[in-house]
Amino acid sequence: MTHISPNAPEIAADAPLLFFDSGVGGLTVLDAARHALPDAPIVYAADFAGLPYGEKTEAEIAARVPALLGRLVERYRPRLITIACNTASTIALPQVRAALDLPVVGTVPAIKPASEQSESRVIGVLGTEATVRQPYVTNLAREFASDATIIRFGAPELVRAAEMKLRGELPDPAIFVRAVQGLTSQERAVAIDTVVLACTHFPLVQDELAAAFGRPINFVHGAQGIARRIAYLTRSQTFVGNGLRFVATGTASGIAPYIPMLRQRGFASFDTL
Ligand code: DGL
């Protein structure tokens with residue numbers, strides 16, 4: 001299989017960057033990318049019909065994500081795909097790269113920057129249940145934080161809370177307390193100074209998590225790093241038309257509650273897949 005070079009002259013100037021997540025969590029990655037590439041045309045795809053990924057099996061995710069991305073590529077002809085989802089990336093990145101003839105940027109838990117920043121050498125990792133059990137996470141910890149204690153907790157309730165917040169609803173504050181206790185109830189947790197937000201939904205509720213901790217914590221996630229990677233891979237490309245399009249699996253009524261928030265972020269078109 002030949003891969004299109006990111007500098008290939010045949011890339012249409014209006015070919016979008018495609019961002020993909022199970023829901024609206026990937027908007028945290030998109031925000032950083034738009035800051036770096038304000039002129040890029042964007043398609044943001046949410047797999048609402050498959051949400052939440054964190055409670056699915058590895059086999060389900062590894063089958064679902066490449067198939068959906070294949071359909072999205074056919075419809076939108078993107079120049080580059082960003083899987084703005086830790087769960088999908090830590091499980092299905094190899095399958096996606098094998099299936100698609102396009103550059104694919106993944107999102108993996110930001111353990112490396114967290115390790116660079118932690119002074120206490122005790123780092124919390126909050127992700128989905130599927131992400132925190134991945135060998136990928138163990139390997140990142142071994143490679144980049146071998147002298148640190150890594151305390152993991154899978155917090156699916158935070159995904160629901162972040163989705164609610166972006167629909168304009170008010171999530172129960174007890175959700176954030178429970179997520180924080182999932183970390184702080186573990187051995188050595190009293191020394192945690194840095195928490196990796198290893199799910200793209202979680203920066204959307206970072207303030208609520210900070211309040212639930214009740215002491216200063218350095219939260220780290222990968223959005224800026226991913227934005228830099230996208231900017232690097234598209235560095236000599238031209239962008240024309242900076243429209244933002246939103247597409248989701250499921251029904252139009254599933255998208256409707258998010259539209260005010262999406263319009264505020266500059267999205268002008270809404271579609272189902
Ligand atoms: N936003 C996704 C992640 O980064 C997963 C949320 C979910 O569908 O459970 O892991």
Is it true that residue 22 is in contact with a Pro (Cβ under 7 Å, 6 or more places away or on another chain) and within 14 Å of the ligand (Cβ to nearest atom)?
-> yes
Look at region 166-176 and say how many of its residues are buried (at least 17 other Cβ atoms within 10 Å of the Cβ) and assigned to a helix (DSSP H, G or I).
-> 3
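Using the structure shown, decide if residue 89 is under 15 Å from the mean Cα position of the chain (by Cα) and within 20 Å of residue 250 (Cβ to Cβ). Steps first, please.
Working: under 15 Å from the mean Cα position of the chain (by Cα): yes; within 20 Å of residue 250 (Cβ to Cβ): no.
Answer is no for this residue.
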In region 146-165, residue nearest to the ligand (Cβ to nearest atom) [restricted to those that are hydrophobic (A, V, I, L, M, F, W, C) and surrounded by 21 or more Cβ atoms within 10 Å (Cβ to Cβ)] = 159
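Checking the condition at pLDDT below 95, of a type outside the set (D, E, K, R) and in contact with a strand residue (DSSP E or B) (Cβ under 9 Å, 6 or more places away or on another chain), which residue from 134, 117 passes? Lay out the reasoning, then the answer.
Details: 117 fails: at pLDDT below 95.
After applying the criteria, what remains is 134.
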Could you tell me whether region 26-37 includes any residue that is of a type outside the set (Phe, Trp, Tyr) and over 21 Å from residue 199 (Cβ atoms)?
-> yes
Does any residue of region 120-143 turn out to be open to solvent by less than 10 Å² (accessible area, probe 1.4 Å), over 21 Å from residue 57 (Cα atoms) and in a loop (DSSP other than H, G, I, E, B)?
-> no
Would you be able to tell me the number of residues in region 194-247 that are within 26 Å of residue 123 (Cβ to Cβ), in a loop (DSSP other than H, G, I, E, B) and of a type outside the set (Val, Ile, Thr)?
-> 8
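How many residues are within 28 Å of residue 126 (Cβ to Cβ), open to solvent by 40 Å² or more (accessible area, probe 1.4 Å) and not small (Gly, Ala, Ser) if we restrict to region 248-259?
Initial filter on region 248-259 (within 28 Å of residue 126 (Cβ to Cβ)): 248-250, 254-255, 257-258.
Subsequent filtering for residues that are open to solvent by 40 Å² or more (accessible area, probe 1.4 Å) retains 250, 257.
Those left that are additionally not small (Gly, Ala, Ser): 257.
The number of residues fulfilling the criteria is 1.
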The number of residues in region 47-65 that are open to solvent by 20 Å² or more (accessible area, probe 1.4 Å) and either away from the ligand (no atom under 13 Å from the Cβ) or not β-branched (Val, Ile, Thr) (or both) is 12
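Here are some residues: 67, 62, 49. Which one is farther than 21 Å from residue 255 by Cβ and part of a helix (DSSP H, G or I)?
Numbers: 67 fails: farther than 21 Å from residue 255 by Cβ; 49 fails: farther than 21 Å from residue 255 by Cβ.
Within the list 67, 62, 49, the selection yields 62.
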Residue check: is residue 44 open to solvent by less than 10 Å² (accessible area, probe 1.4 Å) and more than 22 Å from residue 242 (Cα to Cα)?
-> no
Lone unmet requirement of (1) open to solvent by 10 Å² or more (accessible area, probe 1.4 Å); (2) more than 29 Å from residue 216 (Cβ to Cβ); (3) away from the ligand (no atom under 16 Å from the Cβ) for residue 91 = (3)
Within region 214-273, how many residues are among the small types (Gly, Ala, Ser) and within 21 Å of residue 79 (Cα to Cα)?
-> 11
Within region 97-112, is there a residue that is in contact with a helix residue (DSSP H, G or I) (Cβ under 9 Å, 6 or more places away or on another chain), small (Gly, Ala, Ser), away from the ligand (no atom under 11 Å from the Cβ) and in a loop (DSSP other than H, G, I, E, B)?
-> yes
Matching residues, region 7-46, being touching a Ser or Thr at 6+ places or on another chain (Cβ under 9 Å) and part of a helix (DSSP H, G or I) = 27, 28, 29, 30, 33
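How many of the residues in region 230-273 are aromatic (Phe, Trp, Tyr) and either in contact with a Phe, Trp or Tyr (Cβ under 6 Å, 6 or more places away or on another chain) or more than 18 Å from residue 36 (Cα to Cα) (or both)? Outline the logic, then answer.
Step one: filter region 230-273 for residues aromatic (Phe, Trp, Tyr), giving 232, 239, 246, 258, 267, 270.
With the extra rule that they be either in contact with a Phe, Trp or Tyr (Cβ under 6 Å, 6 or more places away or on another chain) or more than 18 Å from residue 36 (Cα to Cα) (or both), the set shrinks to 246, 258, 267, 270.
Final tally of qualifying residues: 4.
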If we ask which residues in region 70-86 are within 18 Å of the chain's Cα centre (by Cα) and in a helix (DSSP H, G or I), their number turns out to be 2
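The values are calculated or read from the model by the stated rules, or taken from the named source; none is laboratory data. Not measured: the values here are computed from a predicted model. In this analysis, Cβ positions are derived from the backbone assuming ideal geometry, glycine residues included, and neighbour counts consider all displayed protein chains. Side chains are part of the model used for accessible areas, which takes the heavy atoms of the whole protein and leaves out ligands, DNA and RNA. Shrake-Rupley method; radii C 1.70, N 1.55, O 1.52, S 1.80 Å.
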